[in-house]
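Colleague: Below is the structure I would like to discuss, written out as structure tokens.
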Number of protein chains: 6
Amino acid sequence: DFEKALEEVKPAFGASTETLESYRTHGIIPCGDAFDHLRQTLTSLVQQVRNSDKTPLLSVVLEGPVGSGKSALAASAAIESDFPFVKVITSETMVGFSEQSKASQITKVFEDAYKSPMSVIILDDIERLLEYVAIGPRFSNVILQALLVLVKRMPPPGHKVFIVGTTSMGDVMESMGLNEVFNVSLHVPSLRVDEMVKVLRHLDCFSVVDIPQAVDLLTTISAKVVPIKKLLLWTEMARQEVADGQKISLARWEQALRDLS
Amino acid sequence: DFEKALEEVKPAFGASTETLESYRTHGIIPCGDAFDHLRQTLTSLVQQVRNSDKTPLLSVVLEGPVGSGKSALAASAAIESDFPFVKVITSETMVGFSEQSKASQITKVFEDAYKSPMSVIILDDIERLLEYVAIGPRFSNVILQALLVLVKRMPPPGHKVFIVGTTSMGDVMESMGLNEVFNVSLHVPSLRVDEMVKVLRHLDCFSVVDIPQAVDLLTTISAKVVPIKKLLLWTEMARQEVADGQKISLARWEQALRDLS
Amino acid sequence: DFEKALEEVKPAFGASTETLESYRTHGIIPCGDAFDHLRQTLTSLVQQVRNSDKTPLLSVVLEGPVGSGKSALAASAAIESDFPFVKVITSETMVGFSEQSKASQITKVFEDAYKSPMSVIILDDIERLLEYVAIGPRFSNVILQALLVLVKRMPPPGHKVFIVGTTSMGDVMESMGLNEVFNVSLHVPSLRVDEMVKVLRHLDCFSVVDIPQAVDLLTTISAKVVPIKKLLLWTEMARQEVADGQKISLARWEQALRDLS
Amino acid sequence: DFEKALEEVKPAFGASTETLESYRTHGIIPCGDAFDHLRQTLTSLVQQVRNSDKTPLLSVVLEGPVGSGKSALAASAAIESDFPFVKVITSETMVGFSEQSKASQITKVFEDAYKSPMSVIILDDIERLLEYVAIGPRFSNVILQALLVLVKRMPPPGHKVFIVGTTSMGDVMESMGLNEVFNVSLHVPSLRVDEMVKVLRHLDCFSVVDIPQAVDLLTTISAKVVPIKKLLLWTEMARQEVADGQKISLARWEQALRDLS
Amino acid sequence: DFEKALEEVKPAFGASTETLESYRTHGIIPCGDAFDHLRQTLTSLVQQVRNSDKTPLLSVVLEGPVGSGKSALAASAAIESDFPFVKVITSETMVGFSEQSKASQITKVFEDAYKSPMSVIILDDIERLLEYVAIGPRFSNVILQALLVLVKRMPPPGHKVFIVGTTSMGDVMESMGLNEVFNVSLHVPSLRVDEMVKVLRHLDCFSVVDIPQAVDLLTTISAKVVPIKKLLLWTEMARQEVADGQKISLARWEQALRDLS
Amino acid sequence: DFEKALEEVKPAFGASTETLESYRTHGIIPCGDAFDHLRQTLTSLVQQVRNSDKTPLLSVVLEGPVGSGKSALAASAAIESDFPFVKVITSETMVGFSEQSKASQITKVFEDAYKSPMSVIILDDIERLLEYVAIGPRFSNVILQALLVLVKRMPPPGHKVFIVGTTSMGDVMESMGLNEVFNVSLHVPSLRVDEMVKVLRHLDCFSVVDIPQAVDLLTTISAKVVPIKKLLLWTEMARQEVADGQKISLARWEQALRDLS
Ligand SMILES: Nc1ncnc2c1ncn2[C@@H]1O[C@H](COP(=O)(O)OP(=O)(O)OP(=O)(O)O)[C@@H](O)[C@H]1O
Ligand SMILES: Nc1ncnc2c1ncn2[C@@H]1O[C@H](COP(=O)(O)OP(=O)(O)OP(=O)(O)O)[C@@H](O)[C@H]1O
Ligand SMILES: Nc1ncnc2c1ncn2[C@@H]1O[C@H](COP(=O)(O)OP(=O)(O)OP(=O)(O)O)[C@@H](O)[C@H]1O
Ligand SMILES: Nc1ncnc2c1ncn2[C@@H]1O[C@H](COP(=O)(O)OP(=O)(O)OP(=O)(O)O)[C@@H](O)[C@H]1O
Ligand SMILES: Nc1ncnc2c1ncn2[C@@H]1O[C@H](COP(=O)(O)OP(=O)(O)OP(=O)(O)O)[C@@H](O)[C@H]1O
Ligand SMILES: Nc1ncnc2c1ncn2[C@@H]1O[C@H](COP(=O)(O)OP(=O)(O)OP(=O)(O)O)[C@@H](O)[C@H]1O
Ligand SMILES: [Mg+2]
Ligand SMILES: [Mg+2]
Ligand SMILES: [Mg+2]
Ligand SMILES: [Mg+2]
Ligand SMILES: [Mg+2]
Ligand SMILES: [Mg+2]
């Protein structure tokens, strides 16, 4: 059944850069040192895969709250690697497929990658790939076991693979033994106050003088923890009904935050 | 299996307004500020989807007690959006179908929506779509995983989707991680005393002077919490055996409330 | 699979009165006010369905101990409604069928009912329809979900449906969310002492003077709680070995009660 | 599937008396009043089914420890009923069959019984029919639900059915709601000391003077609770190596009891 | 499905003595009274089956720690019975088969046995036949239910069956109700100190004077509880690197014990 | 199904030494006495299988933390045995296959081994073969039961089998009864401080004088417990950006450790 499923999946070499770009639709806004360091570490892991013959396989998992920028960081690293084979494994293209079929499609990507001299494989939103839900909990053990083996499996001699996983459920990964199969684990945090200021400046939608108070309103009215994706969405919402070229007033900002909380 | 199911489901563009109207058979009675504000927020989210290119996808979940008017509010927002594609996903049209088949029908609606420039998708009574039951608890993880992905999945460039979910089990949604995939969550409450007065006045079935005591009887004999749907049903029951053009007497009202409690 | 099952079930319009009569083989013995009031409430709900255009669908669940007369009351209401379509959904005609097949048969009855201008559907012994057992607990979620939707689903415009459910497990219904989908819930009690006296008088199998002591023996030797069905069975057992036309002596009654306890 | 299974099972009218006799291979040894009363109650229930038109269906469950004589009592009642259709439903003839197939075979017996004017159906060792095991616990809900309905289902007008169930797990029956569907429940006990004496006398394998001490050894060395089946087995074991026509000495008896405990 | 499986299994009359001999590859070393008594009890049960017409079926379960000699004892009893049909039911010949198929093969052996006038059936390692694992716990209820019935089922008139089960999980057997279906339960213990001495003398691999200290080292370095199989393995390991005809020195013995603990 | 699967698996005699070599890509670095003793014990067990006719089957399980060198040690023992049939059973070649298929492939390897006079079978990463995950826990009982039987099953007369298992979940093995079926269990530890020093010296990537402090940094910044695989990876990472022929400075080492922790 699985083998049949495997055959039916057509080989797909490489990924168009457009697809990857869709993971950073708002670009990569400079947020400060923490994010810079994350990007550097990813770059240097890519270099090690390219250069060291002793590590033909390296794997890293990006773990952090929903919307903190994990997928965007993974896509950036992949784009910048310039590796000939880059592929995102995401549940968005597998909605409604059976566990077996999903596992087979995932395996197929790895088999394809082994045919390229250098590959990047992104395992995006691993808990979704695993069909995880906290009630129970339930998840697909078929897919989990496939990942536990595939992330550790050496490519054939002369081939190199860099694997980047993303997840917002670090503890679940841990209890499933998934953390252990990744060589490196990096935390992608929510924004600190100074980082929010940096982002709002970059967006240029508030008067500069209003920014500190805008951040203050944000952290008092809404959750203390603000991941970048949420900040971008809320700013966009507040922008509504603001005339073109105008900034968001603090009053409008406060109203928007209250409406959505 | 799923793919086959997907093919067999015929495409269905748009929804007749009649179907949508059936979700507000008693119309939308003005109940006061809380409901007005809910309607405005929905309208302004629809506007954002229409206007902002940065948010081609917005999703909102209406959460509140059974019969509080969630489906009626969702249908109203959809009707008033004037979007060319409007579709209600409801378990009423999928009784007895398998999980796989339901997931496939749900996916089909999203695929159809992506073909329209602007779409509204209503996910009505999400706990029923999920075949949820508290004992266990049990639910369809196949459908849950489909929803977790579909509600977050971006439409293709140039297309816009507004998703409205309804549920009377906010806590269940939370524990399934469903709340997290909706951009906004709005609470639809039961009626407060002043709101009941407003509704009874509008219905014109009590003498105006009797209304305060009618509400009082309601909150003492029956449950303190009265959702609008229940108020409408009880009034209709009390109306029985009342001659045409006559008002409901307080005695008849009390009797009806006692019989049904 | 479900759809196929649906097709194979042949349409069945209406129910013969004989079948309904078999639910009240001992007739409806007048037991007192409580039962009279139950019957009246049922009658007036039937009237509302017939008369009010705003309530084309009404549903009521009769809940009470095993043998308290729920099925007999439901059958009586159905017979007296004179509605052209009356159907009992009972597990007796579905022994050994699969969950899917049962759900499909149940759905079929509702579809058939929608074709009649006015229908009564009896869902007899809902816990048995659900294949419920307390160990686990286990039950058919397929059938439960079908009921949760069907009991709430509006008939097509111009059609009217009255649904009567019976169950001896009110708490189970509650925890499954089934109570919430019925508009009205009525309790059918066991017999109180004065009601037992009424029934024994009606049966005319004791000397009138013996009846108080007969009831006394019953409530002391056997359980305090006596549903009507059990009272009828025990009387019949005691009648054995009593010559035709003779009354049951208190001694014989006591003996019978002791033997069976 | 179930229906197909139902068809494949060939009709089987009546049971040969030999089969029934095999349930009382050691005959029915007179043990005293308790057993006599049990047999009388069974006989009088059979009479009621035969005579009273108001009770065309009666059901009784015999509950008691392993080996207490339940199956033998049930078989005796069936043989003595002289009803034209007598059938034992036992897992011995269904080893390894699927749940569905077992449920279908059981249902078939009831359908066959309905064709005879008067029938006895023995449900032997109900926990085994249910494939019950305490770990879990696990059991076949398919078979349980079939029994819950079949034991209560009225035969067609003019037909009469007497059902006798046996079980050594009264509490399990209770928690499954099975006790409630039987009209009467009777306890079949282990042997009391005076009853053991009666049985040993009847067997005539000890010197009469040794019997009290033999019983004493039994209740001190082995378990206090001795069901009749076990007493018969142990006596037979002790008889080994005793010359023909000789009695079992107390020494030999003690040795046998010690070896097997 | 089961029935088909049953047909496909070819009948197999009797077992070659070689197969049985493989269960006692190290022979039966005289270990002392406890083991002698076990063997005698088994022999006398075999005699009873052969001689008494009232016990055409006897069943015994040998329970004790892993490696205590249960299978060897069972095989010995079977060989010495000289019954025409002897068969070992073991999971070794059923690796990877489905539950249904295993149950069908087991049933087949019993059906075959019923065709022989006198048969011995060994149910070796019952927990393995049941696919038991403590986590969960999990096991095959299909196979369990088959055993619960088969061990109690009488052979046809004139045929005799002796059943010997072995298990190292007495408590599991108990909780599954398996102990109750065997007529007799015998405990096969680990070796006591004096028994180890007897075995080591018999093996003749230590200087006689060294034996007490060898036993002492064994019980202090390794586990206190030493089943015979383990003693035989350890002796064999220590024998390595000992020249032919030489005895094992105490130093070598101590080293071997330490290496393996 | 299983049998069919069994047939489809083509026989595979022996394993190429290359495959085995891939399990020790970094060679076997001398780490000290503990590892030497492990290797000697394995060698002497191989010798016993080769020489002693009383132990045609010996099995050993290597248990220890992730990356401690279990697979490398097992592969070394296999290579050095010079047995004609050597086979590694690993989940890497069975990704996505069904339980049944995996069990059948595993069984096939044992059947093949029985055809060779002397064989080594490596069961690598047993928890992965079992598809084990701690949540639940879940695992394949089909594969577990196959292993429980296969590891104990004697090869046919004249054939010899040495089985080496590896696992990083000793406690799980225990609770599954797997430990009990292996004759010997050996612990493969993480590196002690002196062992780390030995390895770093051997790698020659630090100045000899820096080694003690490098080890110190390692045990303070990272985990106290360092398995050899992790030490090799970290050294390789630190080596990046160090010019050819240069040693790793302590500053670079500290930075690398901090980045990855
Ligand atoms: N410095 C940054 N790092 C990451 N993302 C950034 C940054 N600046 C802007 N973004 C934008 O923020 C968004 C981050 O969303 P992204 O989907 O990557 O988050 P995520 O953590 O993967 O979310 P989820 O948990 O929902 O998968 C992207 O649209 C990206 O373009
Ligand atoms: N202001 C109002 N808001 C919402 N519904 C209203 C209002 N006024 C009248 N209604 C009527 O009240 C009813 C609300 O029922 P609706 O089915 O929408 O509730 P619901 O919360 O979706 O119930 P459920 O939890 O059962 O799905 C509708 O018939 C609608 O026409
Ligand atoms: N006043 C009465 N109300 C109801 N039933 C009555 C009345 N008088 C006599 N009966 C008889 O009592 C019996 C009631 O049994 P019925 O099967 O309706 O009870 P039930 O509550 O449905 O039992 P169960 O819980 O087993 O389904 C019927 O035979 C009916 O004819
Ligand atoms: N008075 C008696 N009542 C019942 N059985 C008796 C009596 N006298 C002798 N016997 C014999 O005792 C045996 C009782 O065994 P039986 O199988 O009926 O017990 P059981 O309770 O059904 O056991 P189990 O719990 O194993 O099903 C029969 O062989 C029967 O012939
Ligand atoms: N007196 C004895 N009793 C039993 N076995 C003996 C005796 N003397 C020597 N042996 C040998 O000891 C071994 C006992 O192993 P056996 O397989 O019978 O144990 P077991 O209890 O069945 O083990 P397991 O629990 O693994 O199934 C056999 O090889 C047998 O030849
Ligand atoms: N003395 C040694 N013993 C074992 N392995 C060594 C030794 N010296 C160097 N190595 C190398 O260390 C690595 C050990 O990794 P190996 O895969 O064997 O560990 P493992 O315990 O099987 O890991 P896992 O738990 O992930 O299966 C191999 O690359 C091996 O070449
Ligand atoms: Mg993401
Ligand atoms: Mg609604
Ligand atoms: Mg009823
Ligand atoms: Mg019995
Ligand atoms: Mg054994
Ligand atoms: Mg390994």
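The values are calculated or read from the model by the stated rules, or taken from the named source; none is laboratory data. The shown structure was predicted, so the numbers you read here are calculated from the model rather than taken from an experiment. When we count neighbours, we look across all protein chains shown, and the Cβ atoms used for this are built from the backbone with ideal geometry, even at glycine.
Colleague: Given the conditions (1) of a type in the set (Gly, Ala, Ser); (2) within 14 Å of another protein chain (Cβ to nearest Cβ); (3) within 14 Å of ligand 9 (Cβ to nearest atom), and given that C:Ala103 satisfies all but one, which numbered condition is not satisfied?
Modeller: Tallying (1) of a type in the set (Gly, Ala, Ser); (2) within 14 Å of another protein chain (Cβ to nearest Cβ); (3) within 14 Å of ligand 9 (Cβ to nearest atom), C:Ala103 fails exactly one: (3).
Colleague: Right, here's the next one. With the requirement that a residue be aliphatic (A, V, I, L, M) and at pLDDT below 95, what does the stretch D:234-249 give you? Steps first, please.
Modeller: From the stretch D:234-249, those aliphatic (A, V, I, L, M) are D:237-238, D:242-243, D:248; that's our starting set.
Within the stretch D:234-249, D:Met237, D:Ala238, D:Val242, D:Ala243 meet the criteria.
Colleague: Sort out which residues of the stretch A:136-154 are out of contact with any Phe, Trp or Tyr (no Cβ under 6 Å at 6 or more places or on another chain) and assigned to a helix (DSSP H, G or I), and write them in order of number. Please lay out each step first, then the result.
Modeller: First pass over the stretch A:136-154, keeping only residues out of contact with any Phe, Trp or Tyr (no Cβ under 6 Å at 6 or more places or on another chain): A:136-138, A:140-149, A:151-154.
Selection gives A:Asn141, A:Val142, A:Ile143, A:Leu144, A:Gln145, A:Ala146, A:Leu147, A:Leu148, A:Val149.
Colleague: Taking only the stretch B:150-166 into account, find how many residues are crowded, with 22+ Cβ neighbours inside 10 Å and within 7 Å of another protein chain (Cβ to nearest Cβ).
Modeller: The qualifying residues number 1.
Colleague: Name every residue in the stretch E:204-239 that is over 28 Å from the mean Cα position of the chain (by Cα) and of a type outside the set (A, V, I, L, M, F, W, C), in order of residue number.
Modeller: Passing the criteria: E:Ser207, E:Asp210, E:Pro212, E:Gln213.
Colleague: Name every residue in the stretch F:122-134 that is touching a Leu at 6+ places or on another chain (Cβ under 9 Å) and either aliphatic (A, V, I, L, M) or within 16 Å of ligand 3 (Cβ to nearest atom) (or both), in order of residue number.
Modeller: F:Ile122, F:Leu123, F:Ile126, F:Leu129, F:Leu130, F:Val133
Colleague: For residues in the stretch E:42-78 being within 12 Å of ligand 5 (Cβ to nearest atom) and aliphatic (A, V, I, L, M), which is surrounded by the fewest Cβ atoms within 10 Å (Cβ to Cβ)?
Modeller: Quick first cut of the stretch E:42-78, residues within 12 Å of ligand 5 (Cβ to nearest atom) only: E:42, E:62-77.
Still in the running and aliphatic (A, V, I, L, M): E:42, E:62, E:66, E:72-75, E:77.
Details: E:Leu42: 23, E:Leu62: 28, E:Val66: 16, E:Ala72: 22, E:Leu73: 23, E:Ala74: 26, E:Ala75: 26, E:Ala77: 23.
Out of the qualifying residues, it is E:Val66.
Colleague: Kindly provide the set of residues from the stretch B:1-39 that are within 14 Å of chain A (Cβ to nearest Cβ), surrounded by 12 or more Cβ atoms within 10 Å (Cβ to Cβ) and modelled with pLDDT of 65 or more, ordered by number.
Modeller: B:Ala34, B:His37, B:Leu38, B:Arg39 - these are the residues of the stretch B:1-39 that are within 14 Å of chain A (Cβ to nearest Cβ), surrounded by 12 or more Cβ atoms within 10 Å (Cβ to Cβ) and modelled with pLDDT of 65 or more.
Colleague: Which of the numbered conditions does D:Glu92 fail, given that it passes all the others? Conditions: (1) within 20 Å of D:Val46 (Cβ to Cβ); (2) within 16 Å of ligand 4 (Cβ to nearest atom).
Modeller: (1) is the only condition that D:Glu92 fails.
Colleague: Scan the stretch B:86-96 residue by residue and report those that are surrounded by 20 or more Cβ atoms within 10 Å (Cβ to Cβ) and facing another protein chain (nearest Cβ under 8 Å).
Modeller: Result: B:Ser91, B:Val95, B:Gly96.
Colleague: Of all residues being over 19 Å from F:Lys152 (Cβ atoms) and either away from ligand 12 (no atom under 13 Å from the Cβ) or among the aromatic types (Phe, Trp, Tyr) (or both) in the stretch F:56-84, which is farthest from the chain's Cα centre (by Cα)? Just the residue, please.
Modeller: My answer is F:Pro84.
Colleague: Determine which single condition C:Leu73 fails, assuming it passes every other condition in (1) touching a Phe, Trp or Tyr at 6+ places or on another chain (Cβ under 6 Å); (2) more than 14 Å from chain D (Cβ to nearest Cβ).
Modeller: In the conditions (1) touching a Phe, Trp or Tyr at 6+ places or on another chain (Cβ under 6 Å); (2) more than 14 Å from chain D (Cβ to nearest Cβ), C:Leu73 misses (1) alone.
Colleague: While we're here: I'm trying to understand the selection: among the residues of the stretch E:112-122, which are touching a residue at least 60 places away in the same chain (Cβ under 8 Å) and either buried (at least 20 other Cβ atoms within 10 Å of the Cβ) or in a helix (DSSP H, G or I) (or both)? Lay out the reasoning, then the answer.
Modeller: Start the filter on the stretch E:112-122 by keeping residues that are touching a residue at least 60 places away in the same chain (Cβ under 8 Å), which leaves E:112, E:115-116, E:118, E:120.
E:Asp112, E:Lys115, E:Met118, E:Val120, listed by residue number.
Colleague: Let me ask you something else. Name the residues in the stretch F:24-40 that are part of a loop (DSSP other than H, G, I, E, B) and either within 16 Å of ligand 9 (Cβ to nearest atom) or not hydroxyl-bearing (Ser, Thr, Tyr) (or both), would you?
Modeller: So in the stretch F:24-40, the residues part of a loop (DSSP other than H, G, I, E, B) come out as F:25-32.
Matches in the stretch F:24-40: F:His26, F:Gly27, F:Ile28, F:Ile29, F:Pro30, F:Cys31, F:Gly32.
Colleague: Please specify each residue of the stretch E:49-105 satisfying the condition of being assigned to a strand (DSSP E or B) and in contact (Cβ under 8 Å) with a residue 60 or more places away in the chain. Step through it out loud before you land on a result.
Modeller: Of the residues in the stretch E:49-105, the ones assigned to a strand (DSSP E or B) are E:57-63, E:85-89.
Across the stretch E:49-105, the qualifying residues are E:Leu57, E:Leu58, E:Ser59, E:Val60, E:Val61, E:Leu62, E:Glu63, E:Phe85, E:Val86, E:Lys87, E:Val88.
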